[in-house]
Amino acid sequence: MTRYLIRRLLQAIPTFLGITLITFVVIRLAPGDPVMQMTFDPKIKAETREKMRRQLGLDRPIAVQYMIWLFGNDWMELFGEEIDEKALTRGVLRLDFGRSYLQKRPATEMILERVPATVQLNIAALLISYAVGLPVGVYSALKQNGVFDNISRVIAVVFNAVPGFWLSLMMILIFAVKFKQWGLPHISMGGMYTVTPNNEFKYNVFDRLKHLLPPALVLATGGIAGISRYMRTEILEVIHQDYVRTARAKGLSERVVAFFHAGRNALIPIATMLGRQITGLLGGAVITETIWSWPGLGRMFIDANFKRDYPVVLAGFVITAIAVILGNLLSDILYAVFDPRIRLS
């Protein structure tokens, strides 16, 4: 196991570097000028803007910009170049993503502030996905081609087809706006807390769940559809195995046989979905957090992209790349853990 992990991590290094290079070049060559975003005043002279570009290092060749972003700029002192202490950066490989152009703060500090909100949302979405998807899949298999099975299949197709942003907007329109107009109990329209008329935040479990569950449900729809369909397929494959027939012969109920005997082996491929699902949730959270005004990483990266705040945007891509690499590694490890026949080598 240890040798396998070391080898996979070593293999991930060129993959990571390749992703960072492509991402950096594409973002740098994309239309838009961060200096213009920072200086809307038409009275600002061109010389002032050029000075700002030099201070941000945007006047250097793109290859040099990439090296500075990746490795930092302290190494340039070896070649006789003086580096201002305020402009000193340690580089992405040393977990220094630079300073935000607009907020004048370290991008790493901004990310750490937003991580708890995104983690809460993603964990809630994962729990909902498995809590709903697993039993629906098992029951669909037990009632194969029945009414419940047909309805769940249609719902799974709809959940996979409907975009998250559309579902979010419809939930806000119907269950927040319209229900409030009709005098019915309604969900939150966004945010993490309820703001009182005195501009104070409500800090209690019920209020937190009221704001957390709607966006978590939107994120979980794709997971529910995928997990339920996978679980149904796996249960149908193992339900006729000898050990399942033996469990029935012992007088165990159909539900016990399905959930505890057949379900145990059916969970093996489901476990491998966990790593990839985590990366999928991170991608979906970008739009979902923005629509629901959830103060997480996704919303911050979207705002930074529109404002051409390069350090923050690039930090978002790096975090996503790391999540994808680690998610795939986690899937392989879980497969070996749940299936003793598999050996990592």
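The numbers here are math on the coordinates, done by the rules we state, and not lab data. Keep in mind it's a predicted model, so treat the numbers as computed, not measured. Cβ sites come from the backbone with ideal geometry, for glycine too, and all protein chains shown count toward neighbours.
I want to check a number: in the chain, how many lysine pairs have alpha carbons closer than 23 Å, given a sequence separation of 8 or more or different chains?
16
In the stretch 189-280, which trypsin sites (Lys or Arg not before Pro) fall in coil by DSSP and have 11 or fewer other Cβ atoms within 10 Å?
In loop regions of the stretch 189-280 (DSSP not H, G, I, E or B), the sparsely surrounded trypsin sites (Lys or Arg not before Pro) are 250.
In nm, give the distance between the simple-model label positions of residue 95 and residue 306, each being 7 Å from the Cα along the Cα-to-Cβ direction.
Output for this residue pair reads 3.1 nm.
In degrees, nearest 10, range 0 to 90: what is the angle between the Cα axis of helix 62-71 and the longest Cα principal axis of the chain?
60
Nearest 500 deg cm²/dmol is fine: what mean residue ellipticity at 222 nm does the chain get from its DSSP H runs of n ≥ 4 alone, each adding -39,500 (n - 2.57), divided by its residue count?
-22000 deg cm²/dmol
Please quote Rg/Rh for the chain to two decimal places, taking the Kirkwood radius as Rh and restricting both calculations to Cα atoms.
Ratio value, two decimals: 1.06.
Using a Förster distance of 41 Å, how high is the FRET efficiency between residue 4 and residue 51, based on the Cβ-Cβ distance and rounded to 0.05?
0.20
Taking a temperature of 25 °C and a viscosity of 0.890 mPa s, what whole-number D in µm²/s does Stokes-Einstein yield for the stretch 226-345 with Rh from Kirkwood over alpha carbon pairs?
143
When the chain is modelled as a GNM with alpha-carbon springs shorter than 10 Å, which of 212, 314, 142 fluctuates the most?
It is 142.
Would you mind checking which residues have amide H under 5 Å from residue 99's amide H? H placed 1.01 Å from N; only 5 or more apart, or other chain.
HN-HN under 5 Å from residue 99: 107.
From the phi angles alone, apply the Karplus equation (6.51, -1.76, 1.60; θ = phi - 60°) to the stretch 147-164 and give each ³J(HN,Hα) in whole Hz, x where the residue is Gly or Pro.
With coefficients 6.51, -1.76 and 1.60, one gets 4, 4, 5, 5, 5, 5, 5, 5, 4, 4, 5, 5, 4, 6, 8, 6, x, x Hz.
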